[in-house]
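The structure appears below as structure tokens.
The values are calculated or read from the model by the stated rules, or taken from the named source; none is laboratory data. This structure is a prediction, so every number in the text was calculated from the model and none was measured. Cβ placement follows ideal geometry from the backbone for every residue including glycine, while neighbour counts extend to all protein chains displayed. Keep in mind that these areas ignore ligands, DNA and RNA; they rest on the heavy atoms of the full protein, side chains included. Shrake-Rupley method; radii C 1.70, N 1.55, O 1.52, S 1.80 Å.
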Amino acid sequence: MLARAIHDESPRASGPFVAVSCAALPETLIESELFGHEKGAFTSATQTRKGRFELADSGTLFLDEISDLSATVQVKLLRVLQERTFERVGGVKTLSVDIRLIAASNRDLEKDVDDGRFRRDLYYRLNVVPLVLPPLRERQDDIPILAAHFAGKAAQKYGQATPQLEPVLIDVLQEYEWPGNVRELENLIERLVVLSNSPLLGLEFVPEKMLRTLPDANMSDESTLEGAVLVVKRRMIVNALQSEGGNKVAAAKRLGISRSYLHRLINEFGLQ
């Protein structure tokens, strides 16, 4: 979505936007997919075919999961980026295109470079303007907005009225770690919309793994680990609020948590 937004807001918006999932293509086909092939280049090449680079001419080419490219394809991609020319598989004619290339990876490419899984020269050729998309667990303030959006989207899909989300559901969603990121959230909200007959979405169909028992805010027995943690947590919140003159945004930043999570803790500990 970010790659498409960059394309749509750029002078290349009238050109094509071509997306390729490097992880979804077998190694034997990806070179042909990227650079095209000539008729007869291999057994099933019954006609000349343009690759994604040619199809993206004057527009944007988005390579998703670029870390999954083989070492051989990495070498060829580096050559294209350096010389801005390439040949189709089985061809001898040199072609050139004018594209913006955007690459994405769900792995740490710098670590892959250090581990020898990704070419260092290709990494530095790609890493011109790096953009980091934090995982959903680090964007808790986005969760209520996204959940409401996905609820409306699912309701429209199934011909239902758009439901509201109960506050307790929002709390659970913001507490969860979301290993599957935004896709996992979208799938969960769609499930709740499909299974619920209520105008309010609650916890009835939320998976058990997400239903963590919230701590007792009044628990203050420091002889137990949980009690000691709660006492320290409450003290840190009070100190942060006092240090920031009651400014909850600044206090949340000081504590390294989201503003919505701070609000919930304030309510749990009765600190209004």
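Results, tabulated for the structure shown:
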{"item": "Pairs where the first residue, in region 150-168, is of a type outside the set (S, T, N, Q) and the second is open to solvent by 60 Å² or more (accessible area, probe 1.4 Å), C-beta under 6 Å, 6+ apart", "result": "GLY152/THR162; ALA155/THR162; PRO163/PRO199; GLU166/LEU200"}
{"item": "Residues within region 119-149 that are under 16 Å from the mean Cα position of the chain (by Cα) and surrounded by 12 or more Cβ atoms within 10 Å (Cβ to Cβ), tallied", "result": "11"}
{"item": "Pick from region 167-191, criterion more than 16 Å from the chain's Cα centre (by Cα) and either open to solvent by 40 Å² or more (accessible area, probe 1.4 Å) or of a type in the set (D, E, K, R) (or both), ranking: modelled with the lowest pLDDT", "result": "VAL168"}
{"item": "Leading residue by the ranking (nearest to the chain's Cα centre (by Cα)) among those in region 150-166 that are farther than 18 Å from LEU203 by Cα and open to solvent by 80 Å² or more (accessible area, probe 1.4 Å)", "result": "LYS153"}
{"item": "Test: residue in region 81-96 that is within 24 Å of the chain's Cα centre (by Cα) and buried (at least 19 other Cβ atoms within 10 Å of the Cβ)", "result": "no"}
{"item": "Candidate set: region 52-71, residues that are within 25 Å of MET1 (Cβ to Cβ) and among the small types (Gly, Ala, Ser); chosen: the one most open to solvent (accessible area, probe 1.4 Å)", "result": "SER58"}
{"item": "First in region 35-51 and free of Cβ contacts under 8 Å to residues at least 12 places away in the same chain and exposed (fewer than 12 other Cβ atoms within 10 Å of the Cβ), second anywhere and charged (D, E, K, R) and in a loop (DSSP other than H, G, I, E, B), Cβ under 6 Å, 6 or more apart", "result": "GLN47/LYS39"}
{"item": "Odd one out for GLY202, checked against (1) modelled with pLDDT under 90; (2) out of contact with any Leu (no Cβ under 6 Å at 6 or more places or on another chain)", "result": "(2)"}
{"item": "Selection from region 105-118 of residues that are open to solvent by 100 Å² or more (accessible area, probe 1.4 Å) and either closer than 27 Å to SER258 by Cα or without any contact (Cβ under 8 Å) to a residue 12 or more places away in the chain (or both)", "result": "ASN106, LYS111, ASP114"}
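Residue-by-condition table, conditions (1) of a type outside the set (S, T, N, Q); (2) in contact with a Gly (Cβ under 8 Å, 6 or more places away or on another chain):
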| residue | (1), (2) |
| --- | --- |
| PHE35 | yes, yes |
| THR72 | no, no |
| GLY90 | yes, yes |
| ILE102 | yes, no |
| SER105 | no, no |
| LEU109 | yes, no |
| ARG125 | yes, no |
| PRO134 | yes, no |
